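See below for the structure under consideration.
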Amino acid sequence: MSRRIVESLRNRMPLVSLALVLLAPWSLAWADSFEPNDTWQQAHAIPSGTPVESWISVGGDVDWYTFTTGETGQLTIRLESLPADYDIDLYWYDPDFQDLSWIASSYNGGAQDELIEGQLNLTGAFYIIVEGFEEAYSDSDSYLLTASYPGGVVNQPPQVTLTSPNGGQIWQAGSTHAITYVASDPETAPENLLLSFEYSSNNGVDWIPIAIDQPNTGSFDWTVPDDPTTEARVRVTVSDGQNQAYDASDASFTIQSDTPTGDNALSMGTGSGPSGAQIAVAMSLANENVVKALQTDIVFDPAVVSYVGGASTERGSGMTFSASVVDGDKVRVVMYYLDQATLPAGTGTIASLDFSLIGASGAQTALTPTATVLSDPNAQELEVETQAGSISIAGTAIPPVLQIAALKNPGRVRTVQIFVLSSQPLNSLAVTANGTQVAMSQIDIPNHIYHAIVHAANGATQLAIAATGTSGTGQGAAQAVVNF
Amino acid sequence: MKPRIRPARQGGALRYAQTALLIFLSLQGCSSDRERAAAPEDHTAVEWTELAWADYEQLNYTRALSRFDSAIAEDAAYGPAYTGRGWARLALGLSANDFMGAVSSFDDAAARQQVGSEVPAGRSAARLALGGAELANAILDAVNARNLAPQFVFAHRPSFDGKDLRLIEAFAKAGQADWAGALSVADQVEASGIQQGNPGTYVVGGAAYTTFEGAVLAHLNKLSTSHAG
């Protein structure tokens with residue numbers, strides 16, 4: 001509500017119509033003061049349409065501002081966000097008198113906004129004074145003054161340039177990347193600019209908010225959403241509180257899903273041989289995705305084949321390879337790169353698995369990959385299909401060759417370690433010492449070596465050892481005599 | 001002249017009677033070494049142990065064990081008797097319990113300040129006989145015995161010497177399927193010429209073997225025949 005309204009015209013001046021309008025508080029924050037501007041000669045020039053923040057920080061202080069225009073037209077002067085009862089006066093510099101001539105004032109009571117508004121028919125230099133009524137002031141809160149005058153320079157918009165991502169990136173969903181930019185404004189301090197970020201998954205047709213009103217730090221860490229696309233773009237918008245500008249990615253980039261898509265297939269080869277033979281079966285991978293590691297369980301029939309060993313080969317030759325039999329009927333193969341290397345897209349053999357054929361002629365087993373896991377360099381699981389291979393037994397069985405070693409304990413020579421080595425994995429092994437059955441344990445699986453300790457009686461003069469082993473349909477035997 | 005001795009094992013009543021007689025003779029002041037030696041029951045732990053080792057050297061392990069027991073009965077703190085008990089138990093062993101008993105006796109000897117090489121040497125053989133997890137300890141004992149006596153010869157069975165300690169170590173490594181380790185030690189007893197990864201060297205006694213492991217076992221078998229014990 002107005003407390004005082006002063007509306008006056010000098011007789012040599014055209015009419016300036018004035019109105020007082022109650023305005024909502026302005027929320028922008030400014031940080032500069034323009035002291036000394038305590039006289040009209042010290043007035044601070046203000047641009048048209050740009051809020052100016054300053055303070056009446058002591059009683060009796062006044063702030064002078066000025067603008068110059070060579071055009072006539074609409075004039076609006078607002079004084080807002082007042083901490084106390086401040087008033088404004090508008091003067092025109094009369095070149096004839098070389099002094100100021102009062103034009104208009106706004107004297108609302110209390111902390112109400114002040115407004116001078118009307119048609120300006122004069123040109124030249126104009127002066128605005130902001131002062132506290134009855135020396136009102138605030139040393140902790142500021143006011144905002146905005147003058148919009150004809151022919152004035154309008155508030156310059158800010159500028160922003162997005163520097164990343166600008167196209168070509170492949171960003172994994174869930175990963176965090178920096179959106180970087182450079183933002184500036186001709187009139188606004190950098191720290192007073194606010195940034196908002198959006199992304200598009202369709203080359204900028206639609207924009208999805210990422211964050212708003214972020215401080216101007218030059219970088220914003222973005223956790224990439226699980227919105228896979230090859231048409232991703234980012235847009236950054238800068239605001240000086242009045243004007244905005246934006247910049248978007250120059251080209252599209254890719255967002256990969258948590259579960260990258262692609263056709264990958266792990267397949268086992270085939271093999272055939274006579275019972276007792278050992279054959280190698282290839283494990284191949286056709287991968288569209290870049291692969292870092294894989295694990296698979298190759299299920300086989302333990303009555304037909306037994307796993308002997310394996311190694312990474314050809315395309316997978318740089319990968320660390322390990323394999324072991326689990327549950328008696330699966331070979332668990334684990335292959336991975338220890339360093340930064342990866343297996344690029346391609347097709348071909350990556351490993352070779354050796355099996356001993358222990359089944360009878362005509363027997364066959366599938367080699368079925370199960371529980372197969374393929375992962376990419378970001379440790380993301382890849383989709384993978386599997387294809388089983390097979391091994392068949394054919395031809396005349398090859399019998400195992402057995403070797404016996406009997407090592408007398410030097411401290412008690414009638415205590416003997418018996419070792420039986422077979423040329424191939426055995427289905428069964430029977431060992432006797434002086435006619436008594438000996439329980440053997442396999443101490444070296446890859447080399448098919450079995451072991452036991454027997455204690456001959458003190459009066460014994462010798463230990464006769466006999467071993468019989470079967471592998472597939474082949475049978476081998478060996479004998480040894482230890483004399484005491 | 002060997003002293004006459006009493007039987008190693010005796011009933012409690014007779015033992016008490018002998019003790020009473022010894023006390024009586026002592027009180028009369030007429031005892032002498034000759035008189036005590038003449039009494040079949042009267043030996044110190046040292047004497048029992050000496051008698052036991054004599055039995056051991058004559059391959060009479062049963063009586064040796066009995067006399068080591070008597071020595072311990074005379075003086076439970078007499079460490080050498082435990083060493084002998086361990087060796088006798090080792091010689092008589094036919095089961096895991098027997099060899100564990102031997103190991104225990106060697107442990108008892110060590111606990112009574114028996115710091116010579118005979119204790120770890122005998123214990124290494126007992127542990128080799130046990131196999132399994134004891135193989136690692138057998139290796140440690142054999143190495144320890146060799147360190148204590150680089151020119152080790154077992155005084156009561158001179159055929160058991162430093163080579164046997166190396167064989168125990170090699171055989172224990174073989175029991176652990178440590179073929180390269182076994183060969184490394186065995187080659188110090190007798191060089192084989194076997195080189196892992198060089199199949200042309202897998203020859204033992206003129207016979208060629210297709211695998212390194214087979215050649216190592218053949219070499220160990222040969223050393224067992226020619227050197228063990």
inquiry  = For region B:73-87, which positions are open to solvent by less than 20 Å² (accessible area, probe 1.4 Å) and over 17 Å from B:P158 (Cβ atoms)?
reply    = B:G79, B:A81, B:Y82, B:G86
Region A:350-400, residues that are β-branched (V, I, T), surrounded by fewer than 17 Cβ atoms within 10 Å (Cβ to Cβ) and modelled with pLDDT under 90 = A:T396
request  = Determine, yes or no, whether A:D226 is over 12 Å from A:E198 (Cβ atoms), assigned to a loop (DSSP other than H, G, I, E, B) and not aromatic (F, W, Y).
outcome  = yes
message = Just checking, does region A:416-437 include any residue being farther than 27 Å from A:S306 by Cβ, touching a His at 6+ places or on another chain (Cβ under 9 Å) and either part of a strand (DSSP E or B) or open to solvent by less than 60 Å² (accessible area, probe 1.4 Å) (or both)?
response = yes
task = Answer yes if at least one residue in region A:313-325 is of a type in the set (D, E, K, R) and closer than 22 Å to A:S272 by Cβ, and no otherwise.
result = yes
request  = Go through the residues of region A:147-163 one by one and say whether even a single one is under 22 Å from the mean Cα position of the chain (by Cα) and either outside any loop (DSSP other than H, G, I, E, B) or of a type in the set (A, V, I, L, M) (or both).
outcome  = yes
inquiry  = I'd like the full set of residues that are open to solvent by less than 30 Å² (accessible area, probe 1.4 Å) and of a type in the set (S, T, N, Q), limited to region A:268-279.
reply    = A:S275
key: Unique residue being under 21 Å from A:A452 (Cα atoms) and within 9 Å of chain A (Cβ to nearest Cβ) when the list is B:L183, B:L135, B:L128   = B:L128
request  = Exactly one condition in (1) within 30 Å of A:I358 (Cα to Cα); (2) crowded, with 21+ Cβ neighbours inside 10 Å is not met by A:A282; state its number.
outcome  = (2)
query = If you check B:L59 against the conditions, is it open to solvent by 10 Å² or more (accessible area, probe 1.4 Å), assigned to a loop (DSSP other than H, G, I, E, B) and within 14 Å of another protein chain (Cβ to nearest Cβ)?
reply = yes
ask   = Looking at B:L148, is it over 12 Å from the mean Cα position of the chain (by Cα) and either open to solvent by less than 10 Å² (accessible area, probe 1.4 Å) or away from chain A (no Cβ under 12 Å) (or both)?
value = yes
request  = Give the residue, chosen from B:I139, B:I168, that is touching an Asp or Glu at 6+ places or on another chain (Cβ under 6 Å), buried (at least 24 other Cβ atoms within 10 Å of the Cβ) and at pLDDT 95 or above.
outcome  = B:I139
request  = Of the numbered conditions (1) touching a Gly at 6+ places or on another chain (Cβ under 8 Å); (2) surrounded by fewer than 17 Cβ atoms within 10 Å (Cβ to Cβ), A:Y181 fails exactly one; give the number of that condition.
outcome  = (2)
task = Report those strands (runs of 3 or more DSSP E) wholly inside region A:276-338 carrying at least 1 residues which are at pLDDT below 95 and among the hydroxyl-bearing types (S, T, Y).
result = A:305-312, A:320-326
remark   = Within region A:427-450, residues being away from chain B (no Cβ under 12 Å) and touching a residue at least 60 places away in the same chain (Cβ under 8 Å) number 1
key: Residue count, region B:92-110 (criterion: in a helix (DSSP H, G or I) and either open to solvent by 10 Å² or more (accessible area, probe 1.4 Å) or of a type in the set (D, E, K, R) (or both))   = 11
inquiry  = For the structure I just gave you, tell me whether A:A379 is assigned to a strand (DSSP E or B), small (G, A, S) and either closer than 30 Å to A:D354 by Cβ or touching a residue at least 12 places away in the same chain (Cβ under 8 Å) (or both).
reply    = no
message = Could you list, ordered by first residue, the pairs with Cβ atoms under 6 Å in which the first is in region B:102-122 and away from chain A (no Cβ under 14 Å) and at positive phi and the second is part of a helix (DSSP H, G or I) and surrounded by fewer than 19 Cβ atoms within 10 Å (Cβ to Cβ), at least 6 apart or interchain?
response = none
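The values are calculated or read from the model by the stated rules, or taken from the named source; none is laboratory data. Because the structure is predicted, anything quoted here is derived from the model rather than measured. Glycine gets a Cβ as well: all are built from the backbone with ideal geometry, and neighbour counts include every protein chain shown. For accessibility, only protein heavy atoms count, side chains too; no ligands or nucleic acids. Shrake-Rupley method; radii C 1.70, N 1.55, O 1.52, S 1.80 Å.
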